[in-house]
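Report on the following structure.
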Amino acid sequence: MTDIQIHVATSHQSTCVSNTFIDCFMPDASGEFVKIYLYLLRVLSSGDRHFNPSAMADKFHYTENDIRRGLSYWEQMHLLQLEYNDANQLTGICLLEPGQDEHKAPAPTESSATIKMMLLPSDRQDKSAADLNVHQPKTEEKALQIPPDEPRHYSPRQIAAFKKQDDVAELLYISERYVGHPLNLTEVEKILFWAEELHFPVDMIEYLVECCVEKGHPNFHYMNKVALNWKESGISSLQEAKDSTNIHSQSYYAIMKAFGISGRNLTERETAFINKWTSSYGFSLDIIREACERTIRNTGKVNFEYADSILGSWSKKGIRQLDDIARLDEAFASAKQAKVLPLRSHAPRPTASTILNSVNMMTTITKH
């Protein structure tokens with residue numbers, strides 16, 4: 001068979017990916033991190049070297065924490081360097097040639113220096129750095145600082161040791177069955193974070209995944225929020241988690257009923273509002289129901305933002321029970337009435353024609 005020539009019949013632009021990256025770095029990286037790196041190459045090849053992390057997060061349905069962790073990972077792999085200004089704000093990303101040094105990030109060579117890209121135009125760099133929430137590390141080895149309430153990056157050795165535990169292996173298998181797909185690296189790291197950093201037992205983590213999936217939230221970002229709420233509330237056992245879930249389930253059902261919501265689950269944003277009303281404000285269900293009913297009467301529709309404005313106002317005024325609301329309504333009605341009464345107490349001033357008519361009438365009466 002003769003040699004076959006491969007060529008393309010298109011003028012479309014292409015993005016060059018290093019074979020070293022494909023052979024040595026891509027196999028051990030998560031799919032999310034690979035997408036981030038390839039997107040950086042894509043931006044670079046387009047000629048427009050302005051990188052917007054918010055737009056990238058929207059494009060791939062990531063959070064900006066995911067973008068930050070991806071950049072941190074590739075800096076640890078010495079495939080890029082993050083550059084900061086004097087105010088410790090991230091202002092640039094310098095892509096390095098893969099495989100230059102596996103232990104130490106090299107100084108930019110002539111080729112790597114030419115692929116430096118700025119995040120955003122100078123008038124928007126402050127916003128970009130604020131969005132990423134990053135600061136220049138004080139140590140020589142730069143790395144993006146990851147908040148303590150976010151899963152950090154675990155090494156392949158740590159993850160492998162974690163997976164070798166019998167109860168963990170079963171947990172990962174059950175979690176995959178719940179969410180309906182094999183767990184990616186980011187999802188495994190979140191489970192490891194719950195076990196190692198939050199100190200949740202395995203049965204509690206399994207219940208966390210099961211509970212969130214049943215409520216229509218199979219996203220691990222949402223699950224992590226629930227886990228952090230549990231930790232903040234001092235919940236550390238399966239039974240405590242179940243008790244907390246039952247309480248919240250009753251709240252969700254009552255509020256859904258007050259709003260007339262049926263045939264769907266609450267969205268993540270709606271759930272956040274309810275948690276705010278019950279936890280931050282500390283309102284009882286009867287007060288929340290009253291706010292929901294007033295929302296329907298005033299707007300004619302389900303409007304969590306409107307209900308939140310009512311409850312926020314009540315919280316500032318120290319409302320703790322329904323009687324407080326009744327007294328507040330009475331005070332409002334009295335103040336409104338007080339503004340109206342002075343206007344009614346003053347009779348309208350007579351006009352000149354009215355006075356003349358009165359004089360003529362009196363004259364006629366006197367003549368007769």
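Laid out as a table, the results:
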read-out: Among 231-237, 210-216, the order from most to least packed when residues are scored by Cβ within 10 Å on average; value: 210-216, 231-237
read-out: Contour excess over end-to-end distance, with Cα ends at residue 14 and residue 173 and 0.36 nm allotted per residue; value: 53.3 nm
read-out: Nearest-0.05 FRET efficiency for residue 197 and residue 60, computed from C-beta distance (R0 30 Å); value: 0.70
read-out: Environment charge of residue 335, counting only residues whose C-beta is closer than 15 Å and scoring Lys/Arg +1, Asp/Glu -1; value: +2
read-out: Prolate/oblate/rounded call for region 244-341, Cα gyration tensor, a/c under 1.5 rounded; value: prolate
read-out: Extended-chain gain in nm, criterion 0.36 nm per residue less alpha-carbon gap, residue 45 and residue 316; value: 92.2 nm
read-out: Region 16-74, accessible surface, carbon-and-sulfur percent (1.4 angstrom probe); value: 51 percent
read-out: Label-to-label distance, nm, for residues given as residue 275 and residue 297 (7 Å Cα→Cβ offset); value: 3.1 nm
read-out: Per residue accessible area in Å² of region 163-226, where ligands, DNA and RNA are left out and the probe is 1.4 Å; value: 47 Å²
read-out: Region 182-263: C-alpha gyration tensor shape, a/c 1.5 cut-off, then a/b vs b/c; value: oblate
read-out: Length gained when the stretch residue 284-residue 243 is fully extended (0.36 nm per residue, less Cα-Cα span); value: 13.0 nm
read-out: Burial order of peptide ranges 318-327, 53-62 (average beta-carbon count within 10 Å, highest first); value: 53-62, 318-327
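The values are calculated or read from the model by the stated rules, or taken from the named source; none is laboratory data. From a predicted model like this one, the values you see are computed outputs, not experimental measurements. Cβ sites come from the backbone with ideal geometry, for glycine too, and all protein chains shown count toward neighbours. These accessible areas exclude ligands, DNA and RNA; they are computed on the full protein's heavy atoms, side chains included. Shrake-Rupley method; radii C 1.70, N 1.55, O 1.52, S 1.80 Å.
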